[in-house]
Every structure is written in C-alpha cells, then in structure tokens.
Amino acid sequence: MSRNTIILLPKSKKLLQAVGENIKLARLRRKLTMDQVSERAGISRPTLSSLEKGSPSISIGIILRVLLVLGLEKDLLLLADDDVMGRKIQDADLTLKQRGPKNTKK
C-alpha cells in the first residue's frame with residue numbers, strides 16, 4: 001500500500017473508472033495491446049493497467065501521454081470546457097451599468 005492513499009467518494013471513483021474504461025475501449029478499437037501503448041507512451045504496463053482501472057494515483061501527464069498515443073489528445077481540452085455553473089455564478093455577480101445622462105445639444 002502506498003504512503004499517500006487517496007480517498008475518494010464512490011461517485012468520484014465511478015467517474016475515474018469510466019474514464020479508464022473509455023481509454024481501454026479506445027485502445028481496443030485501435031487493436032493495440034497494452035504493451036504497445038505503454039511502450040509508446042513511455043510508461044510501464046502496470047501503470048497503464050492502473051489507468052484503465054481508474055486508479056486515482058495516475059497523473060494527468062500520464063493520461064495525456066496515453067491519449068497522445070491513441071490520437072485523442074484534443075479530448076483533454078473538453079475538460080471543464082462548458083462551465084455552466086461557473087457562468088451562472090459569474091452572471092449573478094454582474095451589476096447592470098447605470099445609463100449615463102443624455103447629451104443635449106444647445
């Protein structure tokens with residue numbers, strides 16, 4: 001067991017497992033073995049296995065390297081892309097500008 005055990009809520013664990021499963025399915029669709037992907041990404045086979053199982057200890061850099069091998073690196077840009085909640089919070093804090101006085105011509 002590692003020194004820094006990461007504790008996640010069940011909902012968060014399921015999210016990580018879904019990401020790992022999606023990466024595994026992408027690898028299988030491309031007919032690539034774990035050995036091929038791990039070698040091309042410069043990681044060990046057990047690390048790739050942990051990633052595909054949804055381990056919370058895998059770094060975002062390793063995920064990016066695997067996505068690069070699979071040709072899915074642009075998918076990383078979709079993370080937090082459509083921040084609906086953030087926009088709602090921002091819009092709630094906006095104040096309407098007061099209209100300036102009319103210029104009257106003399």
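The values are calculated or read from the model by the stated rules, or taken from the named source; none is laboratory data. Just so we're clear, the structure is a prediction, and the values are computed from it rather than from any experiment. Cβ: placed from backbone, ideal geometry, glycine included. Neighbour counts: every protein chain shown. For accessibility, only protein heavy atoms count, side chains too; no ligands or nucleic acids. Shrake-Rupley method; radii C 1.70, N 1.55, O 1.52, S 1.80 Å.
Just to be sure I understand, how many residues within segment 28-47 are under 14 Å from Leu64 (Cα atoms) and of a type in the set (Lys, Arg)?
Here the count works out to 1.
Whether any residue in segment 95-104 is in a helix (DSSP H, G or I), over 17 Å from Leu15 (Cβ atoms) and of a type in the set (Ser, Thr, Tyr) is what I want to check.
Checked against the condition, which is being in a helix (DSSP H, G or I), over 17 Å from Leu15 (Cβ atoms) and of a type in the set (Ser, Thr, Tyr), segment 95-104 yields no hits at all.
Tell me which helices (runs of 4 or more DSSP H) are completely within segment 1-60 and hold 2 or more residues being loosely packed, with under 12 Cβ neighbours inside 10 Å and free of Cβ contacts under 8 Å to residues at least 40 places away in the same chain, or say none if there are none.
Fully inside segment 1-60 and qualifying: 10-29.
Among the residues of segment 77-101, write down those that are open to solvent by less than 100 Å² (accessible area, probe 1.4 Å) and within 14 Å of the chain's Cα centre (by Cα).
Residues satisfying the conditions are Ala80, Asp83.
Would you check which residues across segment 83-94 are over 23 Å from Leu9 (Cβ atoms) and in a loop (DSSP other than H, G, I, E, B) and list them?
Answer for segment 83-94, where residues must be over 23 Å from Leu9 (Cβ atoms) and in a loop (DSSP other than H, G, I, E, B): just Leu94.
Scan segment 61-76 and tell me whether some residue there is modelled with pLDDT of 95 or more, outside any helix (DSSP H, G or I) and open to solvent by 100 Å² or more (accessible area, probe 1.4 Å).
Among the residues of segment 61-76, not one is modelled with pLDDT of 95 or more, outside any helix (DSSP H, G or I) and open to solvent by 100 Å² or more (accessible area, probe 1.4 Å), which makes the answer no.
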